[in-house]
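Structure, as structure tokens:
The values are calculated or read from the model by the stated rules, or taken from the named source; none is laboratory data. All of these numbers come straight from a predicted model, not from anything done at the bench. Note that each Cβ is placed from the backbone with ideal geometry, even for glycine, and that neighbours are counted across all protein chains shown.
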Amino acid sequence: MDGSLTGGRRSPSIERRSGEVLRARGAGAGDVARTLTALERLGYPYAPTPLRPYAPRYLGRASDGRDCLSYIEGVTTTHPSERAETSYARGGAMLRRLHEVTHGTALAGDGECLTHRDPGPFNTVFRDGEPVAFIDWDTAGPGEALSDLAYLAWTWRIQAIGNVPVPDQARRLRQVRDGYGLERDVDLLGAVLRQQSGIIERSDSVRRTADARLAALHAAARDWATADRSLVLDNVAVFREELDG
């Protein structure tokens, strides 16, 4: 099926045509092309790799100047009811593979590895409740692996809305950590809180100088991060018990 697509929050307008995704070339288009091409060379699975694509494949430029990427069948998710119980460990493992294959390479730059920087469920394609690929690589760049994992752990698992019991959130946070293979003595929960605080601080800074539309977006981001951070702080003992148990 051809037609317009929705997905990642930062992507320019995108269109599916004959099994390919056509994207207008935004400010980071060159970086996306270089990143996906380098990941393919490094062995990070790309579509159309059967079953486990992990990332789209960069196919070059279309005649109208747009970038062509391989299309990955599936959907994005917004609530745990849309994901399989095993999806959290698999998501952690997918991110670990990214960090491992880029550690010490040119993609890592001065950082520990290449980080996606926005590996939330809205930038992840799922099939039958299982994650198969990260999309929207516009902001990917050198960084710290733990920060990248913390963002995935937060956005996949911790949410103040949706009526998800906190013990379930804590259990699935542990599943993300164990799927990634993070040592138990590393403070993942503290890293999650730092990510939430960072969103709040950046949103406060930007919305004071932004136009009305952008200010509204950052105000919403601040409210989201504040609510989720409050949930963590109010239930630290529940999360710690699950992670330490």
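So that you can scan it fast, the table gives a plain yes or no per residue for (1) farther than 19 Å from A191 by Cβ; (2) modelled with pLDDT of 95 or more:
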| residue | (1), (2) |
| --- | --- |
| H116 | no, yes |
| P121 | no, yes |
| D136 | yes, no |
| P165 | yes, yes |
| A170 | no, yes |
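In a residue-by-residue description of the range 139-154, the property of being modelled with pLDDT under 95, within 15 Å of the chain's Cα centre (by Cα) and among the β-branched types (V, I, T) applies to at least one position. Sub-9 Å Cβ pairs linking a first residue in the range 17-40 that is at pLDDT 85 or above to a second residue that is among the acidic types (D, E) and not in a loop (DSSP other than H, G, I, E, B), at least 6 apart or interchain, are V21/E15; V21/D67; L22/E15; L22/D67; R23/E15; R23/D67; V32/D67; A33/D67, ordered by first then second residue.
Can you name every residue in the range 95-124 that is β-branched (V, I, T) and either surrounded by 23 or more Cβ atoms within 10 Å (Cβ to Cβ) or in the same structural domain as T35 (by TED's automatic domain parsing) (or both)? Of everything in the range 95-124, those that are β-branched (V, I, T) and either surrounded by 23 or more Cβ atoms within 10 Å (Cβ to Cβ) or in the same structural domain as T35 (by TED's automatic domain parsing) (or both) turn out to be T102, T115, T124. Looking across the range 204-241, just one residue is surrounded by 15 or more Cβ atoms within 10 Å (Cβ to Cβ) and either hydroxyl-bearing (S, T, Y) or not assigned by TED's automatic domain parsing to the domain that holds N163 (or both), and that is T226. For R184, the conditions (1) outside any loop (DSSP other than H, G, I, E, B); (2) in contact with a helix residue (DSSP H, G or I) (Cβ under 8 Å, 6 or more places away or on another chain) are fulfilled apart from (1).
Quick grid of which residues meet (1) within 23 Å of R83 (Cβ to Cβ); (2) in contact with a Cys (Cβ under 7 Å, 6 or more places away or on another chain); (3) among the small types (G, A, S); (4) touching a residue at least 40 places away in the same chain (Cβ under 8 Å):
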residue: A160; (1), (2), (3), (4): yes, no, yes, yes
residue: R171; (1), (2), (3), (4): yes, no, no, yes
residue: V206; (1), (2), (3), (4): no, no, no, no
residue: A219; (1), (2), (3), (4): no, no, yes, no
residue: D228; (1), (2), (3), (4): yes, no, no, yes
residue: N235; (1), (2), (3), (4): yes, no, no, yes
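Whether a residue is surrounded by fewer than 23 Cβ atoms within 10 Å (Cβ to Cβ), farther than 21 Å from Y46 by Cβ, among the aliphatic types (A, V, I, L, M) and in contact with a Phe, Trp or Tyr (Cβ under 9 Å, 6 or more places away or on another chain) was assessed, and L173 does not pass this test. Scanning the range 68-120 for residues that are basic (K, R), free of Cβ contacts under 8 Å to residues at least 60 places away in the same chain and not in a loop (DSSP other than H, G, I, E, B) yields a single hit, R97.
The residues listed here are T76, T49, T6; of these, the one that is of a type in the set (V, I, T), within 22 Å of G92 (Cβ to Cβ), surrounded by fewer than 19 Cβ atoms within 10 Å (Cβ to Cβ) and at pLDDT below 90 is T49. With respect to the stated conditions, A153 is assigned to a helix (DSSP H, G or I) and farther than 24 Å from Y58 by Cβ.
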